[in-house]
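Enquirer: To start, I am sharing the structure in question, which I have written as structure tokens.
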Amino acid sequence: MTQPIYIYGNDVLHKKVENLTPHQDITAIVKNMFDTMYKAEGVGLAAPQIGQSISLFVIDTDELSDEYPEAKGVKMVFANAEIVEYSQETWTYKEGCLSLPDFREDIVRPSKIKIHYFDEAWNEYEKEFDGIIARVIQHEYDHIQGKTMVDRLSPLRRQLVKPKLLKRFRQGVSTQYAAINPK
Ligand code: ZN
């Protein structure tokens, strides 16, 4: 079942989430998140984007695999994730976000991360990721910290962009997927 996507400016996107209780059944919400993400043609989706303030995000980077072969077949669930290490080295990539329609910006992020997380069956992992996969994970991880791409811009750029985005989204932005605009 697909869910409407909350657009930038809704409170749920701007506050830190609660951790899930380990071993709680998250199969239904995980399925809804994948359904919603595929319908909207995204490569990642975090629970706050469907109005749930819980520590859960999903990714499927397969559609990036023409440009980034390592993205092929990568479909993962991250519950109660904690990034425990970041590389010094960074790279820049033009990101987009389903909660920020028609907005793309160059975002600088560490190239490599180590992350501790659980999957939907509560298997525990600590893994290293790099390249485009580390990029998508960090974007979604920001959402569970109550942050978006806008918070990654330089202070000057953010000051310029934020009021314009809020104005546009409050007026009501049209998307190919069901969306909840901010008041
Ligand atoms: Zn996003």
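Enquirer: Which one of the conditions (1) within 13 Å of the ligand (Cβ to nearest atom); (2) under 14 Å from LYS147 (Cβ atoms); (3) touching a Leu at 6+ places or on another chain (Cβ under 8 Å) does SER55 fail to meet, given that it meets all the rest?
Expert: (1)
Enquirer: Turning to a different aspect of this structure: Which residue out of GLU95, GLU82 is under 16 Å from the mean Cα position of the chain (by Cα) and within 12 Å of the ligand (Cβ to nearest atom)?
Expert: GLU95
Enquirer: Restricting to the stretch 23-65, name every residue that is of a type in the set (S, T, N, Q) and either part of a helix (DSSP H, G or I) or crowded, with 22+ Cβ neighbours inside 10 Å (or both).
Expert: Scanning the stretch 23-65 gives THR27, ASN32, THR36, GLN49, SER55, THR61.
Enquirer: With assigned to a loop (DSSP other than H, G, I, E, B) and free of Cβ contacts under 8 Å to residues at least 12 places away in the same chain as the only criterion, which of GLY9, GLY73 stands out?
Expert: After applying the criteria, what remains is GLY73.
Enquirer: What is the number of the single condition among (1) touching a residue at least 40 places away in the same chain (Cβ under 8 Å); (2) surrounded by 17 or more Cβ atoms within 10 Å (Cβ to Cβ) that THR2 does not meet?
Expert: With (1) touching a residue at least 40 places away in the same chain (Cβ under 8 Å); (2) surrounded by 17 or more Cβ atoms within 10 Å (Cβ to Cβ) applied to THR2, the lone miss is (2).
Enquirer: Taking ARG104 and the conditions (1) more than 13 Å from the ligand (Cβ to nearest atom); (2) free of Cβ contacts under 8 Å to residues at least 24 places away in the same chain, which numbered condition does it fall short on, given that it satisfies the others?
Expert: Only one criterion is unmet by ARG104, namely (1).
Enquirer: Then there's this: Within the stretch 82-99, identify whether any single residue is modelled with pLDDT of 95 or more, surrounded by fewer than 20 Cβ atoms within 10 Å (Cβ to Cβ) and of a type in the set (A, V, I, L, M), and answer yes or no.
Expert: yes
Enquirer: Can you pull out the residues in the stretch 133-164 that are away from the ligand (no atom under 13 Å from the Cβ) and in a helix (DSSP H, G or I)?
Expert: Taking the stretch 133-164 first, the residues away from the ligand (no atom under 13 Å from the Cβ) are 133-134, 153-164.
Selection gives ILE133, ALA134, PRO155, LEU156, ARG157, ARG158, GLN159, LEU160, VAL161, LYS162, PRO163, LYS164.
Enquirer: List pairs: first residue in the stretch 155-174 and within 13 Å of PRO101 (Cα to Cα), second residue charged (D, E, K, R) and exposed (fewer than 14 other Cβ atoms within 10 Å of the Cβ) anywhere in the structure, Cβ distance under 9 angstrom, at least six positions apart or on different chains.
Expert: Going by the 9 Å Cβ cut-off, the qualifying pairs are ARG168/ASP102; ARG170/LYS183; VAL173/ASP102.
Enquirer: Looking at the stretch 123-132, is at least one residue within 16 Å of the ligand (Cβ to nearest atom) and not acidic (Asp, Glu)? Working first, answer last.
Expert: Step one: of the stretch 123-132, the residues within 16 Å of the ligand (Cβ to nearest atom) are 132.
Checking the rest, the ones that are also not acidic (Asp, Glu) come to 132.
Yes, there is a match, as at least one residue in the stretch 123-132 is within 16 Å of the ligand (Cβ to nearest atom) and not acidic (Asp, Glu).
Enquirer: Same structure, new question: Looking at the stretch 117-131, which of its residues are part of a loop (DSSP other than H, G, I, E, B) and either among the hydroxyl-bearing types (Ser, Thr, Tyr) or surrounded by 14 or more Cβ atoms within 10 Å (Cβ to Cβ) (or both)?
Expert: ASP119, GLU120, TRP122 - these are the residues of the stretch 117-131 that are part of a loop (DSSP other than H, G, I, E, B) and either among the hydroxyl-bearing types (Ser, Thr, Tyr) or surrounded by 14 or more Cβ atoms within 10 Å (Cβ to Cβ) (or both).
Enquirer: Looking only at the stretch 150-176, count every residue that is under 28 Å from PRO69 (Cα atoms) and either surrounded by fewer than 14 Cβ atoms within 10 Å (Cβ to Cβ) or touching a Gly at 6+ places or on another chain (Cβ under 8 Å) (or both) and tell me the total.
Expert: 1
The values are calculated or read from the model by the stated rules, or taken from the named source; none is laboratory data. Because the structure is predicted, anything quoted here is derived from the model rather than measured. Virtual Cβ from ideal backbone geometry, glycine too; neighbours counted across all protein chains shown.
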